Structure formats: C-alpha cells, structure tokens
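**Student:** Got a structure for you, questions after.
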Amino acid sequence: YLHSQEIVHCDIKPENILISFDINNTLKSVKISDFGLSTTLKDEPHTALKYYGSEMYMHPKLLDSTHPTPTKNTDLYSLSILGFELSLDCQTKMEKYKKIEQFKKGEIITHTILDNLKNEKNNNTIYQIDYGNKKEHIFI
C-alpha cells in the first residue's frame, strides 16, 4: 500500500514489523511501524540524513552514496533481507549477522529455503539461482 501512495518506509527491519494474533492464536494482522525515516518519492530526500534505516537491512546504494536517494527497491531490498533472516536457524546473533552479510554479498543464496521447497514439492528439482555479480541481483 505504501508504495502505491509513493511512500518509501526506509527502515524495514524486524523491530518495525508488528504482528498480532487473535484469541485462537491465528494470525490477525501484520503492520509496519516507525515512519520516522519514511519519505515520499515526490519530495526531495532528507538532506540532513546521511543514511536511511538500519545498516544491516539497508540497500547497498544507500550505504555507498554521499547523497542517498531511497526508492521502492530500497524497501524491497530490506524486505528480502528480513525474509532471509526469518529462514535462518542460528544459535547466536553473531552467526545470524555473518550469514546475512554473506547473503548480501551474494556468497550464499537461500539454501535453507531451497531445501525446504524441494522437500515440500516431493523432490521436484529446484534450481539455485547464481547471481554472481551482486550488481545484477534483482533488488540492486
């Protein structure tokens, strides 16, 4: 909905996702919170901000730029990192951070998700996508 209104959140991360359940423990709603860094695509970017969002979930173009300009893809990138994080089974935060950084560099693709899909699809072949050069990645 936000993107259809030309709004970019700029800080999608687990702490900003609110999930509620009903009395039967059934998912009731998922909402995004904390719009402090959000901006509209029609407005000029916040010139006082050097960075948008939390570094772990931030699009590389926002990290590498002296004048970062968020787009819809920057939110989608953050959401992809969040989705990958949800697929992880890590014992420590350090292990989780390391795997996320490897994923962001294109060193690993979601093996856990692909393995789960393969098992759920009765051993149908799932082909791993090799992005190679991270600049060709769909979210970059």
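Read-outs: derived from the displayed coordinates by stated rules, not from any lab. Since the model is a prediction, treat every value here as computed from it, not as a measurement. Neighbour counts run over all protein chains shown; Cβ positions are idealised from the backbone, glycine included.
**Student:** I need the full set of residues from region 1-13 which are out of contact with any helix residue (DSSP H, G or I) (no Cβ under 6 Å at 6 or more places or on another chain) and either among the β-branched types (Val, Ile, Thr) or exposed (fewer than 12 other Cβ atoms within 10 Å of the Cβ) (or both), in order please. Walk me through how you get there before you give the answer.
**Tutor:** Here is the first cut: in region 1-13, the residues out of contact with any helix residue (DSSP H, G or I) (no Cβ under 6 Å at 6 or more places or on another chain) are 1-2, 4-7, 10-11.
Residues satisfying the conditions are Tyr1, Ser4, Gln5, Ile7.
**Student:** Six or more apart or on different chains, Cβ under 7 Å: which pairs go from a residue in region 8-35 that's free of Cβ contacts under 8 Å to residues at least 12 places away in the same chain and charged (D, E, K, R) to one that's assigned to a strand (DSSP E or B) and loosely packed, with under 13 Cβ neighbours inside 10 Å? Could you list them?
**Tutor:** Asp22/Lys28; Lys28/Ser20; Lys28/Phe21
**Student:** Only residues that are of a type outside the set (Asp, Glu) and more than 19 Å from Asn16 (Cα to Cα): list them for region 63-87, please. Break it down stepwise before answering.
**Tutor:** Pass one, region 63-87, residues of a type outside the set (Asp, Glu): 63, 65-74, 76-84, 86-87.
Across region 63-87, the qualifying residues are Leu63, Ser65, Thr66, His67, Pro68, Thr69.
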